[in-house]
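K.L.:
Got a structure here, written out as structure tokens. Questions coming.
The values are calculated or read from the model by the stated rules, or taken from the named source; none is laboratory data. If you're wondering where the values come from, they're calculated on a predicted model, not measured in any experiment. Please note: Cβ atoms are built from the backbone with ideal geometry, for glycine as well, and neighbour counts cover all protein chains shown. When the accessible area is computed, the model is the full protein with side chains, heavy atoms only, and any ligands, DNA or RNA have been set aside. Shrake-Rupley method; radii C 1.70, N 1.55, O 1.52, S 1.80 Å.
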Amino acid sequence: MTDPNSTPKPRVVCCVGDIHGYITKLQNLWSNLETTIGPSDFQTALIIFLGDYCDRGPHTNKVLDFLISLPSKYPNQSHVFLCGNHDLAFAAFLGLLPSPSDGSDLSETWKEYEMNEEREGWYKGEGYENMHLQGRRWAGRMTGFNHAKNTEYKGSIYDARPTFESYGVPHGSPDLIKAVPDEHKKFLADLVWVHEEDGVSIETKEGLQNCKLIAVHAGLEKGKGVEGQLNYLKAKDTRIPKVEPLSGRKNVWNIPEELSKTPTIVVSGHHGKVHIEDFRLIIDLGGGIESNPVAAIVLPSKKMVLDTDRLAT
């Protein structure tokens, strides 16, 4: 018999960092999560994927197949698929972003950044005339060395060539639009730019705390109202050429001060590192680099799980 005064066991929440086209890493990480959490809790867990499923790694197509299959394979789990800056750009090239709410053309997003067009080799092939800025940058041509990543560019500033090739077409080819299957297009079109979840438990120095969780690929901007940011993220406002909560760096690193009044977890990927400080969780050990592991964090324990963990099953 259940004790009516006992506290219900907190729900397990897993936040999975950037995958970037590495299917084997994703499969190994998934298996390690199941082993770490235990089959029963895993079956009913909330799994939040923090975005950036494509580019850099060789198997974007297989990664999307894997993610699309999860709701039918694990019907009692809940799945959230966040949009990363790479996913937004992939969707933009495929013409999957919603039209701007004010009726303007997506080409309006180019204006602020046109001085970079030549340097970044923006896409100017079939269909570019009304393409969101990030789609043009994604399928553009960028050569040379990426000092931030310490690697050569893979096709474009987004390293999108492996994504094109995973669908059997050369980088920058408009044939990609026909090559990507409809279920992948639907998946990309349905990605959310932000997710809010109430009643998420997390271990703190003071013990277990019940919090609100906000998951967004890069973070929330400091110095801008949280409500305004959440509103445009929920609306997928494509008038914005560069969506800072999906692609920013230093300006989205910390939790906005106004969220400190009530304990709020802000969890992101994107940054190419793991950073766990109080309620700010950044989970992206991989950064899309082949030699780096892909990571996830399990709440409430804040336990890190990697694809490279060797766990006894």
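K.L.:
Would you check which residues across region 205-239 are hydrophobic (A, V, I, L, M, F, W, C), touching a helix residue (DSSP H, G or I) at 6+ places or on another chain (Cβ under 7 Å) and part of a loop (DSSP other than H, G, I, E, B) and list them?
P.N.:
Val216, Ala218, Leu220
K.L.:
Yes or no: Tyr123 touching a residue at least 40 places away in the same chain (Cβ under 8 Å), in contact with a Cys (Cβ under 9 Å, 6 or more places away or on another chain) and part of a loop (DSSP other than H, G, I, E, B)?
P.N.:
Here the answer is no, as Tyr123 does not meet what is asked.
Residue-wise test of (1) crowded, with 21+ Cβ neighbours inside 10 Å; (2) within 15 Å of Asp52 (Cα to Cα); (3) touching a residue at least 24 places away in the same chain (Cβ under 8 Å); (4) touching an Asp or Glu at 6+ places or on another chain (Cβ under 9 Å).
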{"position": "Lys186", "(1), (2), (3), (4)": "no, no, no, no"}
{"position": "Val192", "(1), (2), (3), (4)": "no, yes, yes, no"}
{"position": "Asp198", "(1), (2), (3), (4)": "no, no, no, no"}
{"position": "Ile214", "(1), (2), (3), (4)": "yes, no, yes, yes"}
{"position": "Lys224", "(1), (2), (3), (4)": "no, no, yes, yes"}
{"position": "Leu233", "(1), (2), (3), (4)": "yes, no, yes, no"}
{"position": "Ile240", "(1), (2), (3), (4)": "no, no, yes, no"}
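K.L.:
Check off (1) open to solvent by less than 40 Å² (accessible area, probe 1.4 Å); (2) farther than 28 Å from Ser72 by Cβ; (3) aliphatic (A, V, I, L, M) for Leu208 and give me the number that stays unchecked.
P.N.:
Only one criterion is unmet by Leu208, namely (1).
K.L.:
Now a separate question. Being modelled with pLDDT of 95 or more, more than 27 Å from Leu285 (Cβ to Cβ) and surrounded by fewer than 20 Cβ atoms within 10 Å (Cβ to Cβ) narrows it down to one residue among Ser101, Ser72; which is it?
P.N.:
So the residue among Ser101, Ser72 that is modelled with pLDDT of 95 or more, more than 27 Å from Leu285 (Cβ to Cβ) and surrounded by fewer than 20 Cβ atoms within 10 Å (Cβ to Cβ) is Ser72.
K.L.:
When you go through Ser260, Ser247 one by one, which is the residue that is of a type in the set (S, T, N, Q) and modelled with pLDDT of 95 or more?
P.N.:
None of the other options fit; the residue is Ser247.
K.L.:
Could you grab me the full set of residues in region 17-62 that are hydrophobic (A, V, I, L, M, F, W, C) and surrounded by fewer than 24 Cβ atoms within 10 Å (Cβ to Cβ)?
P.N.:
Ile23, Leu26, Trp30, Leu33, Ile37, Phe42, Ala45, Leu46, Ile47, listed by residue number.
K.L.:
Just the residues that are in contact with a Ser or Thr (Cβ under 8 Å, 6 or more places away or on another chain) and either among the aromatic types (Phe, Trp, Tyr) or in contact (Cβ under 8 Å) with a residue 40 or more places away in the chain (or both), please, taken from region 36-77.
P.N.:
Matches in region 36-77: Leu46, Leu50, Tyr53, Cys54, Asp55, Pro58, His59, Thr60, Asn61, Lys62.
K.L.:
Just the residues that are surrounded by 16 or more Cβ atoms within 10 Å (Cβ to Cβ), within 23 Å of the chain's Cα centre (by Cα) and not in a loop (DSSP other than H, G, I, E, B), please, taken from region 128-173.
P.N.:
Those that are surrounded by 16 or more Cβ atoms within 10 Å (Cβ to Cβ), within 23 Å of the chain's Cα centre (by Cα) and not in a loop (DSSP other than H, G, I, E, B): Leu133, Gln134, Gly135, Arg136, Arg137, Trp138, Arg161, Pro162, Thr163, Phe164, Glu165, Ser166.
K.L.:
Any idea how many residues of region 275-291 are of a type outside the set (Gly, Ala, Ser) and crowded, with 17+ Cβ neighbours inside 10 Å?
P.N.:
Residues that pass the stated criteria total 7.
K.L.:
Search region 75-86 for residues being in contact with a helix residue (DSSP H, G or I) (Cβ under 6 Å, 6 or more places away or on another chain) and surrounded by 13 or more Cβ atoms within 10 Å (Cβ to Cβ), and hand back the single one that is nearest to Cys14 (Cα to Cα).
P.N.:
This residue is His79.
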